[in-house]
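> Got a structure for you, questions after.
The values are calculated or read from the model by the stated rules, or taken from the named source; none is laboratory data. Because the structure is a prediction, the values reported are computed rather than measured. Here the Cβ positions follow ideal geometry from the backbone for every residue, glycine too, while neighbour counts run over all protein chains shown.
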Amino acid sequence: MQEYLILLAIGLPWLGAVLVWTAGNGRPRWQHGLAVASSVAAACATLALIPNMSAGVALRLPLGGVLGDFTFVADALAVSLANVATIIGGLAVIFSVSYMAGEAQLGRYYAMVLLFIGAMVGLVLSSGLLLLFFFWEITALCSYALISFHNDDPAAVAGGIKALLITQLGGVGLLLGALAARAYFGDDQIESVLRATATLPATAQALLAFGFLVAAMAKSAQAPFHTWLPDAMEAPTPVSALIHAATMVNAGVYLLLRFFPAFAAVPGWRDAIVVVGVITALLAALMALVATDLKRVLAYSTVSQLGYMVYAIGAGAIFAGEFHLVNHAVFKALLFLGAGAIIHSLGTRDMREMGNMRREMPFTAATFITGAAALAGLPLLNGFWSKELILEAGQAAGPQWAYWLMLLGAGVTALYTARMVWLVFLAPAGDRARAHRAASPMRLSLGVLAVGAWLSWLLAGPLSALLAETLPYHDLHVLSTLHLIEEVLSHPATYLALAVVALGLVAWLARERLKPLTARLSWLARAARAGFGFEALNSSVVWLVRGSAVTIQPLQTGQLNWNIAGIVAGLIVVLIALALGG
Amino acid sequence: MITWTPATVMVLGVIGLLAVGLYGLLTVRNLFQIIVALQILVKGAVLALVAAADYVGQLHLGQSLAVTVIVADTVVAVIGMAMAVQVKQHNRTLDVKALGSLRR
Amino acid sequence: MLNLILIVFALVCAIQAVTATRLMRAALWLAGVSALTAILLFRIGAHEVAVIELSVGAGLVTVLFVFAIAIAGEDAMGERPIVPRWIALPATLIAVILFGWMILPVGAGETAAAAGDFSTMLWHERGLDTLVQVGLIFAGVVGVLGLLAPARAPFPVRRAEPLPPLRAEPGAEPVAGQEG
């Protein structure tokens, strides 16, 4: 049963992609319909996997000596993220029906989105490192294709290439790890890595651990590899919601979650993760505070929240990280889709040109503000529970300086969220055309996600139980939902965090009075607008590579004799190597 | 001193032909002369094949491999000469230096 | 001993071929190298290959050279080489001395009974090689025919049309208000 469901969950979106492509751009209603149908069918398949979870390999496709076997596993970590991918994917596709209505080249759009959904499901369900790398690359390809979907816009194309380059360079770390695992363990199964990494020599362990960390950092846009995510906002907004908020950027965090037991003992690994998480969370929050493009604020916010998850993993709180991953996917997708509805009706992404949307788009406003409240960590929404869990675990198990910085980050999160909500919905509108209300497909997706933002935290208990049951190497203990409520409500750190969040909200409301303070901090605002030097770092790397290519070019003389001289030189090197090697 | 077995003499011959062929490839500028240098290299290779076959005792196997090499090298020489003729017609010169246009 | 003399002559011919100032002379020196190599092959005991080498190397290739040089015309030669001689000579010497140092000394070798005869080897045991050679010769013929064909009129080049703008809908996202 599991085998068929796994194959369906990956194969249905891919079949849908082929069908949408062959339906042709002359039949958009067929394309919309097929896309929705295949993504909903995939969601049904992954939902059906929930009662069918198990710990070991669920599906094995033997492929002969060189490639080894392709194995899939259906444990709780994999199935929960597969469900996130397909359900949010389905909602984003439904949203696209009205967002992309009338656009040209729908076939390319839907085919890439469906290909992505299938690849993401495959990524989390795979149990072999080379297979995981295969799906990893496919998600990178789809991300590139969708960011530069409007390929007549140079900014979109540049953003796509930047995203592709950074995530692929990180993927080299994953490939190195996979090959090292293959060399040391004989097969590339995740289980072998989890079981036997401790027996490897220290340098091999460090290579695996930090290689995977680099791949995760690049994919999940952690500093210093975060510069691609804000530029990826050139993609159509449903794509931003699906790929760059809810699924693909989770692949890096998933990698860390999956391999935590193997590398937790590697010296410096957990500390490195904590440092990366804290720096990313804080810097991204500050950059979100000064941005004026609505999607960029949400992009920086995604980076910041991923920093929280990474910090949780570094502190050893696996369940808190996974829980926040699921909750964040729900409310971040909600925020992005809401932003998409607003951008679609107003035609601009600049928050300074918005305002008064509360009266003009009330349904969208209600759902968006729900998502924003979840992001800020207001009580009873899903973001509150998972963020508190992370902060508590961080205080108990992680370094104290990191805890205080993350607490400050929670305050800044509340501040930029309040700023965003005020600028878009509550501020008086400037001189602009009146917005139209969101269409029904958009409302459907927004509504479902808003309900999810209120209720998804209730899944904590079953999720924790299933994780503990099906992940034998992770050593998790079960936390039922009641326990969760009890623990969060009774811990003093919760109230401290709530106080900081309230402080953040109040700081926005009292911004006029705080003007002297903000004037003193203007250097920080300037640094945040310049991306804290990371964009400059990016540009200098590009300049360095181009410069060295231009410098080396004269070596290619184009003359036959020099080419032969190169061959003779190579011959001499080979002969010397043979002579020395005996 | 080295014992002058027949195989040693042959290997010395091979080395000499290879050296002359490589030196020629490095220094000549005329396309036809390059083909000449290539031919010399291949003669060294054929000699090496047959000498090795004689050393191992499987002369006939070495001979059939040598035939293959000779045929292949002759086809290369023919096509090289046809190309040289065309180059002369287009560029008015057979100098290798005039053929560097792939770089630009 | 005779082999050594033949080898020395062959090397002299080869050096003359590479350093000749006129193409015809280079081709004739090459014919000399081929002939001497053929005699050497015969003396090893490879009679069939010696005959092939003599007829193909000394005969066919030399005639081809003469014809091609006649068609193409002589060119000025003997200019300074592109790779300076002080690089070329040491590089070559180092390569071959390394090579020789690794191979020599070579022992006496085995004297074995010849297994079968040459034609069985050529047509049965290495039959696939022979078939491939036929294909190779055929490919060479086609290549030369193509290379020496008279020039055809070039294909007409279609001027590319400018692409129609893709985003003409009101629902599209313009790029606005970017942050640095």
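> Please state which one of A:252, A:307, A:268 is at pLDDT below 90 and either surrounded by 24 or more Cβ atoms within 10 Å (Cβ to Cβ) or of a type outside the set (A, V, I, L, M, F, W, C) (or both).
That would be A:268, the only listed residue that is at pLDDT below 90 and either surrounded by 24 or more Cβ atoms within 10 Å (Cβ to Cβ) or of a type outside the set (A, V, I, L, M, F, W, C) (or both).
> Scan segment A:213-238 and report the pairs whose first residue is within 11 Å of chain C (Cβ to nearest Cβ) and closer than 19 Å to residue A:542 by Cα and whose second residue is surrounded by 24 or more Cβ atoms within 10 Å (Cβ to Cβ) and of a type in the set (Val, Ile, Thr), with Cβ atoms within less than 9 Å and a gap of 6+ or a chain change.
Filtered contacts from segment A:213-238: A:230/A:303; A:231/A:147.
Okay, residues lined up against (1) closer than 19 Å to residue A:459 by Cα; (2) out of contact with any Asp or Glu (no Cβ under 6 Å at 6 or more places or on another chain); (3) aromatic (Phe, Trp, Tyr):
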position	(1), (2), (3)
A:331	yes, yes, yes
A:337	no, yes, no
A:340	no, yes, no
A:345	no, yes, no
A:356	no, yes, no
A:363	no, yes, yes
A:379	yes, yes, no
A:382	yes, yes, no
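> Modelled with pLDDT under 85 and surrounded by fewer than 23 Cβ atoms within 10 Å (Cβ to Cβ): does that describe residue A:175?
no
> Which one of C:97, C:103 is more than 7 Å from every other protein chain (Cβ to nearest Cβ) and modelled with pLDDT of 70 or more?
Among C:97, C:103, only C:97 is more than 7 Å from every other protein chain (Cβ to nearest Cβ) and modelled with pLDDT of 70 or more.
> For the structure I just gave you, tell me whether residue A:80 is outside any helix (DSSP H, G or I) and polar (S, T, N, Q).
The answer is no for residue A:80.
> Scanning for something under 21 Å from residue B:94 (Cβ atoms) and polar (S, T, N, Q), does segment B:52-66 turn up at least one residue?
No.
For every residue, the table says whether it meets (1) within 20 Å of the chain's Cα centre (by Cα); (2) of a type in the set (A, V, I, L, M, F, W, C); (3) at positive phi.
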| residue | (1), (2), (3) |
| --- | --- |
| A:326 | yes, yes, no |
| A:345 | no, no, no |
| A:353 | no, no, no |
| A:357 | no, yes, no |
| A:383 | yes, no, no |
| A:390 | yes, yes, no |
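> Right, here's the next one. Within segment A:326-342, is even one residue more than 14 Å from every other protein chain (Cβ to nearest Cβ), surrounded by fewer than 24 Cβ atoms within 10 Å (Cβ to Cβ) and either within 24 Å of residue A:93 (Cα to Cα) or of a type in the set (A, V, I, L, M, F, W, C) (or both)?
yes
> Please indicate, with yes or no, whether at least one residue in segment A:93-105 is within 25 Å of residue A:471 (Cβ to Cβ) and away from every other protein chain (no Cβ under 14 Å).
no
> Touching a Leu at 6+ places or on another chain (Cβ under 6 Å), closer than 20 Å to residue A:425 by Cβ and either among the charged types (D, E, K, R) or more than 14 Å from every other protein chain (Cβ to nearest Cβ) (or both): which single residue out of A:377, A:371 fits that description?
Selected residue: A:371, the only one of A:377, A:371 that is touching a Leu at 6+ places or on another chain (Cβ under 6 Å), closer than 20 Å to residue A:425 by Cβ and either among the charged types (D, E, K, R) or more than 14 Å from every other protein chain (Cβ to nearest Cβ) (or both).
> Among the numbered conditions (1) within 14 Å of chain C (Cβ to nearest Cβ); (2) within 15 Å of the chain's Cα centre (by Cα), tell me where residue A:84 comes up short.
(1)
> For the structure I just gave you, tell me whether residue B:41 is within 27 Å of residue C:25 (Cα to Cα), more than 7 Å from every other protein chain (Cβ to nearest Cβ) and in contact (Cβ under 8 Å) with a residue 60 or more places away in the chain.
Considered against the rule, which asks whether it is within 27 Å of residue C:25 (Cα to Cα), more than 7 Å from every other protein chain (Cβ to nearest Cβ) and in contact (Cβ under 8 Å) with a residue 60 or more places away in the chain, residue B:41 comes out as no.
> Could you please give the count of residues in segment C:66-91 that are within 20 Å of the chain's Cα centre (by Cα) and more than 7 Å from chain B (Cβ to nearest Cβ)?
2
> Further question on the same structure: What are the residues in segment A:20-37 that are surrounded by fewer than 20 Cβ atoms within 10 Å (Cβ to Cβ) and either modelled with pLDDT of 90 or more or not charged (D, E, K, R) (or both), if any?
The answer is A:21, A:22, A:24, A:25, A:26, A:28, A:30, A:33, A:36, A:37.
> What are the residues in segment A:110-157 that are crowded, with 24+ Cβ neighbours inside 10 Å, aromatic (Phe, Trp, Tyr) and closer than 23 Å to residue A:182 by Cα, if any?
Scanning segment A:110-157 gives a single hit, A:136.
> Sticking with this one: Suppose the filter is in contact with an Asp or Glu (Cβ under 9 Å, 6 or more places away or on another chain) and among the aliphatic types (A, V, I, L, M); does residue A:12 pass it?
Spelling it out, it is not the case that residue A:12 is in contact with an Asp or Glu (Cβ under 9 Å, 6 or more places away or on another chain) and among the aliphatic types (A, V, I, L, M).
> Ok, one more. The conditions are (1) among the β-branched types (Val, Ile, Thr); (2) within 26 Å of residue A:76 (Cβ to Cβ); (3) buried (at least 16 other Cβ atoms within 10 Å of the Cβ), and residue A:451 fails exactly one of them. Which is it?
Of (1) among the β-branched types (Val, Ile, Thr); (2) within 26 Å of residue A:76 (Cβ to Cβ); (3) buried (at least 16 other Cβ atoms within 10 Å of the Cβ), only one is false for residue A:451: (3).
> Also: So which residues in segment B:46-103 are in contact with a Lys or Arg (Cβ under 7 Å, 6 or more places away or on another chain), crowded, with 19+ Cβ neighbours inside 10 Å and either more than 30 Å from residue C:127 (Cβ to Cβ) or more than 8 Å from chain C (Cβ to nearest Cβ) (or both)?
Hits for segment B:46-103 are B:94, B:96.
> Something else now. Within the set of pairs 6+ apart or on separate chains, which have a first residue in segment A:531-550 that is free of Cβ contacts under 8 Å to residues at least 12 places away in the same chain, a second that is outside any helix (DSSP H, G or I) and small (Gly, Ala, Ser), and C-beta atoms under 9 Å apart?
These pairs meet every condition: A:536/A:530.
> Same structure, new question: Grab the helices (runs of 4 or more DSSP H) fully contained in segment A:480-551, keeping just those with 3 or more residues being within 31 Å of the chain's Cα centre (by Cα).
In segment A:480-551, the matching helices (runs of 4 or more DSSP H) lie at A:481-490, A:492-509, A:522-529.
> Then there is this: I'm told residue A:364 meets every condition in (1) buried (at least 24 other Cβ atoms within 10 Å of the Cβ); (2) within 14 Å of another protein chain (Cβ to nearest Cβ) except one. Can you identify the failing condition by its number?
(2)
> If you scan segment A:570-579, which residues turn out to be among the small types (Gly, Ala, Ser) and either outside any helix (DSSP H, G or I) or more than 7 Å from chain C (Cβ to nearest Cβ) (or both)?
If the condition is that a residue be among the small types (Gly, Ala, Ser) and either outside any helix (DSSP H, G or I) or more than 7 Å from chain C (Cβ to nearest Cβ) (or both), then A:570, A:577 are the ones that fit.
> Could I ask something else about it? What pairs can you find where one residue is in segment A:398-409 and in contact (Cβ under 8 Å) with a residue 40 or more places away in the chain, the other is assigned to a loop (DSSP other than H, G, I, E, B), and their Cβ atoms are less than 9 Å apart, with a gap of 6+ or different chains?
As it stands, the answer is A:398/A:315; A:398/A:316; A:398/A:317; A:399/A:315; A:402/A:315; A:406/A:398, since those pairs meet every condition given.
> Please give the number of the condition residue A:104 fails out of (1) small (Gly, Ala, Ser); (2) modelled with pLDDT of 90 or more; (3) out of contact with any Ser or Thr (no Cβ under 6 Å at 6 or more places or on another chain).
Of everything listed in (1) small (Gly, Ala, Ser); (2) modelled with pLDDT of 90 or more; (3) out of contact with any Ser or Thr (no Cβ under 6 Å at 6 or more places or on another chain), residue A:104 misses just condition (2).
> Does segment A:159-182 contain any residue that is in contact with a Phe, Trp or Tyr (Cβ under 6 Å, 6 or more places away or on another chain) and basic (Lys, Arg)?
yes
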